[in-house]
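Some notes on the structure that comes next.
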Amino acid sequence: MNAAAPARSGEALVTLHDIRKTYNAGLPTEAEVLHGISLQLAHGEFAALIGPSGSGKSTLLNVLGLLERASAGSYTLAGTPVQGLDDDGLTRMRRETLGFVFQFHHLLPAFSALENVTLPALARDGRITPAVRERGRSLLAAVGLAAAMERKPQQLSGGMQQRVAIARALVLQPALVLADEPTGNLDTASADEVFVLLRRMHAEVGTSFLIVTHDPRLAARCDRVVELIDGRVARDESQQVAPPAIPPAIPPAVPPAPQPAAASGAV
Ligand SMILES: Nc1ncnc2c1ncn2[C@@H]1O[C@H](COP(=O)(O)OP(=O)(O)O)[C@@H](O)[C@H]1O
Ligand SMILES: [Mg+2]
């Protein structure tokens with residue numbers, strides 16, 4: 001697995017400028033829930049988004065994820081000003097650049113873990129190539145599910161299902177993974193496992209992560225914490241965290257690259 005998006009120094013992966021979101025515009029129930037968010041995310045960041053319930057975290061994630069359009073402001077993703085894109089352009093950009101992990105995994109029950117992981121390729125390319133299937137296998141091994149690839153979601157624990165969802169989010173090598181309370185539905189031990197896994201995939205794959213969490217223990221283990229209160233950024237701080245403990249039993253994520261014949265034996 002190579003880094004999805006090589007770090008380009010000086011160029012942010014995400015730049016939001018004065019983003020506003022109004023629901024029910026023109027109706028008596030009209031409400032602005034994001035009041036001018038300006039924020040940058042660099043390539044390779046691992047950041048938490050925290051804040052009280054109703055503060056706009058999911059709305060902001062939906063705007064970042066190109067699932068909803070901002071009502072005002074500008075958003076540049078991987079160099080592209082997204083407000084200039086039509087709906088097809090947004091869909092393409094979403095499939096090429098972003099991965100998602102939700103609180104509820106949304107795995108399709110009729111499909112195996114491996115099929116679920118490779119489904120995004122079907123949506124993007126209309127087919128699943130052997131290379132994508134191989135990457136799916138490699139990711140499932142990396143999340144500790146080498147022995148469970150053919151199992152259906154209901155044959156997996158909640159934590160395992162969420163690990164499948166993480167592998168699925170990474171299968172198309174997105175530049176940014178957006179995770180909305182990915183551990184919110186798990187017991188403490190499984191939540192810890194999933195979080196360690198997110199950190200490990202970040203270290204191995206090089207994708208940026210923005211993780212909404214209610215859990216201050218998990219936020220404390222992210223490199224940066226952005227706090228929303230009432231639709232505004234109330235705090236945005238970088239922090240030093242200890243490197244994650246890496247469980248030794250999980251097999252390596254990267255299959256050995258084929259060596260060109262001429263290079264064999266060379267260092
Ligand atoms: N589709 C919607 N229509 C109207 N209001 C919404 C919609 N989605 C969210 N809201 C409102 O926007 C505010 C922020 O919600 P949300 O982004 O879900 O917050 P959080 O994820 O931080 O709990 C809340 O007051 C919520 O009721
Ligand atoms: Mg939410």
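Applying the set (1) modelled with pLDDT of 95 or more; (2) assigned to a loop (DSSP other than H, G, I, E, B) to residue 117 leaves exactly one unmet item: (2). Among the residues of region 88-114, the ones that are part of a loop (DSSP other than H, G, I, E, B), modelled with pLDDT under 95 and surrounded by fewer than 20 Cβ atoms within 10 Å (Cβ to Cβ) come to 4 in all. Any idea which residue in region 49-64 is farthest from ligand 1 (Cβ to nearest atom), counting only those that are assigned to a helix (DSSP H, G or I) and touching a residue at least 24 places away in the same chain (Cβ under 8 Å)? It comes out as 64.
Within region 200-232, being more than 16 Å from ligand 2 (Cβ to nearest atom), β-branched (Val, Ile, Thr) and in a strand (DSSP E or B) holds for one residue alone: 225.
Do we find that residue 194 is assigned to a helix (DSSP H, G or I), of a type in the set (Val, Ile, Thr) and either more than 14 Å from residue 46 (Cα to Cα) or more than 16 Å from ligand 1 (Cβ to nearest atom) (or both) in this structure? For residue 194, the condition - assigned to a helix (DSSP H, G or I), of a type in the set (Val, Ile, Thr) and either more than 14 Å from residue 46 (Cα to Cα) or more than 16 Å from ligand 1 (Cβ to nearest atom) (or both) - is met.
How many residues does region 26-47 contain that are closer than 15 Å to residue 76 by Cα and either outside any strand (DSSP E or B) or modelled with pLDDT under 95 (or both)? Total satisfying the criteria: 2.
Farther than 22 Å from residue 64 by Cα, in contact with a helix residue (DSSP H, G or I) (Cβ under 6 Å, 6 or more places away or on another chain), modelled with pLDDT under 95 and polar (S, T, N, Q) - does that describe any residue in region 232-241? Before you say what the answer is, go through the steps one by one.
As a first pass, look at region 232-241 and keep what is farther than 22 Å from residue 64 by Cα: 239-241.
Filter once more, keeping what is in contact with a helix residue (DSSP H, G or I) (Cβ under 6 Å, 6 or more places away or on another chain): none.
There is no residue in region 232-241 that is farther than 22 Å from residue 64 by Cα, in contact with a helix residue (DSSP H, G or I) (Cβ under 6 Å, 6 or more places away or on another chain), modelled with pLDDT under 95 and polar (S, T, N, Q).
Just one of the listed residues (20, 8, 69) is at pLDDT below 95 and away from ligand 2 (no atom under 16 Å from the Cβ), and it is 8.
Number of residues in region 72-87 that are in a strand (DSSP E or B) and either modelled with pLDDT under 95 or under 30 Å from residue 196 (Cβ atoms) (or both): the value is 1.
Residues of region 35-62 that are away from ligand 2 (no atom under 13 Å from the Cβ) and in contact with a Leu (Cβ under 9 Å, 6 or more places away or on another chain): 37, 38, 39, 40, 41, 42, 43, 44, 45, 46, 47, 48. Within the set of pairs 6+ apart or on separate chains, which have a first residue in region 171-191 that is in contact (Cβ under 8 Å) with a residue 12 or more places away in the chain and of a type in the set (A, V, I, L, M), a second that is in a strand (DSSP E or B) and within 16 Å of ligand 2 (Cβ to nearest atom), and C-beta atoms under 6 Å apart? Close Cβ pairs (under 6 Å, with a partner that is in a strand (DSSP E or B) and within 16 Å of ligand 2 (Cβ to nearest atom)) amount to 178/100; 178/210; 179/101; 179/211.
The values are calculated or read from the model by the stated rules, or taken from the named source; none is laboratory data. Everything numeric here is computed off the predicted structure, so don't read it as measured data. Positions of Cβ are backbone-derived with ideal geometry, glycine not excepted, and every protein chain shown enters the neighbour counts.
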